[in-house]
Structures are given as structure tokens and as C-alpha cells.
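Chemist: Pasting in a structure now, in C-alpha cells, and then I'll have a few things to ask.
The values are calculated or read from the model by the stated rules, or taken from the named source; none is laboratory data. Just so we're clear, the structure is a prediction, and the values are computed from it rather than from any experiment. We place every Cβ from the backbone using ideal geometry, glycine too, and count neighbours over all the protein chains shown. Please note that ligands, DNA and RNA were not included when accessible areas were found on the heavy atoms of the full protein model with its side chains. Shrake-Rupley method; radii C 1.70, N 1.55, O 1.52, S 1.80 Å.
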There are 2 protein chains.
Amino acid sequence: MRGFLRSKVRVLTASSPTISPPDQHYDDLANRLRSIGQRATPQRLLVLAAFQDAGEHLTADEIYARISERSPTVNRSTVYRTLETFRDLGVIAETDLGGGVRRYQLLDHERHHHLVCHDCGDIIDLDDDVLEPIRRAAAERYGFSAEIDHLAIFGRCQFCRGDE
Amino acid sequence: MRGFLRSKVRVLTASSPTISPPDQHYDDLANRLRSIGQRATPQRLLVLAAFQDAGEHLTADEIYARISERSPTVNRSTVYRTLETFRDLGVIAETDLGGGVRRYQLLDHERHHHLVCHDCGDIIDLDDDVLEPIRRAAAERYGFSAEIDHLAIFGRCQFCRGDE
DNA sequence: GTTGTAGATGCGATCATTCGCATCTGAAGC
DNA sequence: GCTTCAGATGCGAATGATCGCATCTACAAC
Ligand SMILES: [Mn+2]
Ligand SMILES: [Mn+2]
Ligand SMILES: [Zn+2]
Ligand SMILES: [Zn+2]
């Protein structure tokens, strides 16, 4: 366990060319966590690295599987708790895109949302500007600050609408 | 089992003054189901009756508990499956209001949504009109028909915003 | 470098929800 | 009424997600 952690820290703090968005590497990720009063544990850095390496809309189990390959002692609960923490910190978004499993996405790209067809399952990107009227109404009417990071709106796409 | 069902049908088909919204009684509910090609099983009528009797924003387990009191043979899975069916039919809305449990609400009142403060848990009603811009954008840009029945938007209420 | 400690992790139990499958039944047709 | 069978239910197992608690560790203070 101690061995695992030490070796992981070594791997994680080595700069790496595979870490892409905003050209960050692991040291930066660790400092980013520390700067917001969070501990930079190896497990947390592994979760962030999984997002960098893999695509978007990952499930907790996809992240866990990816991490387990190289770090078999990391626990599934820790992955869930880390995702919860990152979600609360605004580092990632948690979204139910249908299919009964929650999916997670890094929030370092431009903010966007999705239209999800519950007939064919197609997922359409939706620009964030369409949510401004809601944010404005919530703020003006109730002084409420709406935090809508990555919304999934269900309905029927143009092709499935013609079907019936 | 057979006895239970027969007696339940008797109870359920008796007109009752406790069934309120749109002045319907159980026969009407059964016919409403049949008219859309669905079977009017005693279990389904019990789920609908639970919504009529109890308040809003019920969890599956609250509905199950209510039904079990008088009809102990009804199964939890059936309640879940019935809620899923009714949700797909547009009879009820399924919403995650935080707290990790999904909540269900009859869709016979005027359509509305909620602002949920993730600091204090307060739930504010939000009129449906604020969602029109999204529906319009989805339709105009993508021909997508958005079905937003009972949305929960998370964020921070005016009181918790001042706290930090 | 050592120490102290708040906070994170591993682990197993538990909760919320879904699924497979054998059985049962609502309701349509006769 | 009786028959028929697609579809609904009960049941138990499986999956997704959370929690309690003992142990461990990141990192701040010295
Ligand atoms: Mn996305
Ligand atoms: Mn409501
Ligand atoms: Zn479609
Ligand atoms: Zn609040």
C-alpha cells in the first residue's frame, strides 16, 4: 500500500505529454487541487488523469476500470467519492444521459448541454446560450444562482418525430 | 392472491370521494389506462390512488409503503415498473430533487419546475414559461421536441449566496 | 525530518433501482 | 361464460451508488 502510493506519486508528478487540455501536467493538477484547499491524493490525480486520457461522458465504472488496470488497490468507493467531490467543486459535471447510469465530464472545455432522444438515443450538442433565459429568470425572480453545468434534456429528435 | 385481486378490484371500482383532481374516480382512472392501450391492473390503480391520497414529490418507497399497508402482496419491483410505465406515458414525472432518491409527481396540475438550493435544500417553485426559450431553440435549431415535465435546477438560493 | 491531525481511503454492509424468468391475468374474441 | 396469450406480476439476484467505521496519509507546523 505504501509502496503503491509512493510509486504512484512518482509517476503522477512526472511531467507527461499525454495530459492535454490547457497544456497542464500532473504537478499543475495537484496544485490546482491544493489551491482550493483539497488534498492532492494519488487517487484523485488518477481520476483526473482518466478524464484527460479517455473521452467524455464517462461512467464511474469506466473510470474505475481504467484506473484499476495500473493501480489495482484503488477502491471503487474512492472513485465514487472522488467524483462526488469534484462535482461539488465544479471540476466535473454529473449528468444522467439515460440508460440508468450517471456520466461524468470534465468542465474545462466550453460549457455545453445535450438534447437526448429517448426513442433512438441520439445525443445532440446544445450551446449554453439557450440556458441564459432560465438563469436570468431564476436570478431576477428569486435571487437564485442557477448552476447548470451540463444538462440533458430528453425528448424526440426530428427523425423519430416523423415515425408516429 | 386471487382473493386479494378480486377484493382490490371491488374497492378500486367503487366510486370514492377521496379521489380529487379533475373529479375523477377509480373507474375513470381504469378507463383512462385502457384508452391508451394499457391494462388497468389493481397494482397500477393502487399507485395512482397513492398519488391522489398523498402529497407530491413521492419516492418509490413512500408509494410502496402506502400500498403495502392495505395490500401486502404487491411487490416493490411492480411499483418501480409501474412508475417507469407511467413516466413513459407522461402520467407522472420523475425528478431527482437531490438526496439521492428519485421523486415522482402526478402531471395533472399545471406544469411547473423547481429551483433547489444545494446548501440549505430549499425548493422554490418555478413557472413553466421560463422553459419556453429552450423548447423553441431545440425545435428551431434541431427539430427536437423537448419534453421537460418537471425539471429540478440546482444552485444557491438568495440566502445561502450571502453566506460566503 | 518529525509530529499531529483533519481529512481521505479501503472494506464491507446497505440502500436504490433494474433485470431475468417462471407464473399469472386482463381483456379481446368467440 | 370460456379460451387464449401478450403483457404484467412476484420473486430473487444483480447492478449502481452510498455509508459507517477502522485505518492511513497529506500536509501544515515545528
Ligand atoms: Mn457533454
Ligand atoms: Mn413539483
Ligand atoms: Zn430519435
Ligand atoms: Zn439555500
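Chemist: Using the Karplus curve 6.51 cos²θ - 1.76 cosθ + 1.60 with θ = phi - 60°, work out ³J(HN,Hα) for each residue of segment A:142-147 in order, rounded to whole Hz, and write x for Gly and Pro.
Modeler: Here the 3J(HN,Hα) series is 10, x, 9, 9, 7, 10 Hz.
Chemist: Computed on protein heavy atoms with a 1.4 Å probe, what is the summed buried accessible area for the chain pair B and A, in Å² to the nearest 100?
Modeler: In total, this chain pair buries about 2500 Å².
Chemist: Tell me the distances, shortest first, between A:Gly98 and the same position across the other copies, using label points 7 Å along Cα→Cβ, in nm to one decimal.
Modeler: Spelled out, the distances from A:Gly98's label point are 2.8 nm.
Chemist: Sticking with this one: Residue by residue, what Karplus-based ³J(HN,Hα) values in Hz, rounded to whole numbers, does segment A:109-116 have, using 6.51, -1.76 and 1.60 with θ = phi - 60° and x for Gly and Pro?
Modeler: 3J(HN,Hα) across segment A:109-116, in whole Hz: 7, 5, 5, 8, 9, 9, 9, 10.
Chemist: Could you pull the copy-to-copy label distances for A:Thr85, with points set 7 Å along Cα to Cβ, in nm to one decimal and sorted shortest first?
Modeler: 4.5
Chemist: Measuring label to label, 7 Å along Cα→Cβ, what does A:Asn31 give against each other copy in nm, shortest first?
Modeler: 7.3
Chemist: Name the long-range amide H neighbours of B:Asp122: under 5 Å, sequence gap of 5 or more, or other chain; modelled H, no Pro or chain starts.
Modeler: Answer set, sorted by chain and number: B:Cys117.
Chemist: If you draw the axis that swings chain A onto chain B, which residue of A has its Cβ closest to it, and how far is that in whole Å?
Modeler: A:Pro133, 2
Chemist: For segment B:18-164, what is the largest minus smallest coordinate of the Cα atoms on each principal axis, given in angstrom and ordered from greatest to least?
Modeler: Cα spread of segment B:18-164 along its principal axes, largest to smallest: 50, 39, 28 Å.
Chemist: Given R₀ = 41 Å, FRET efficiency for A:Ser35-A:Ile123 by Cβ-Cβ distance, to 0.05?
Modeler: Plugging the Cβ-Cβ distance into 1/(1 + (r/R0)^6) gives 0.75.
Chemist: Let's test the formula: R0 of 25 Å, r as the Cβ-Cβ distance of B:Arg111 and B:Thr59. What FRET efficiency results, to the nearest 0.05?
Modeler: 0.75
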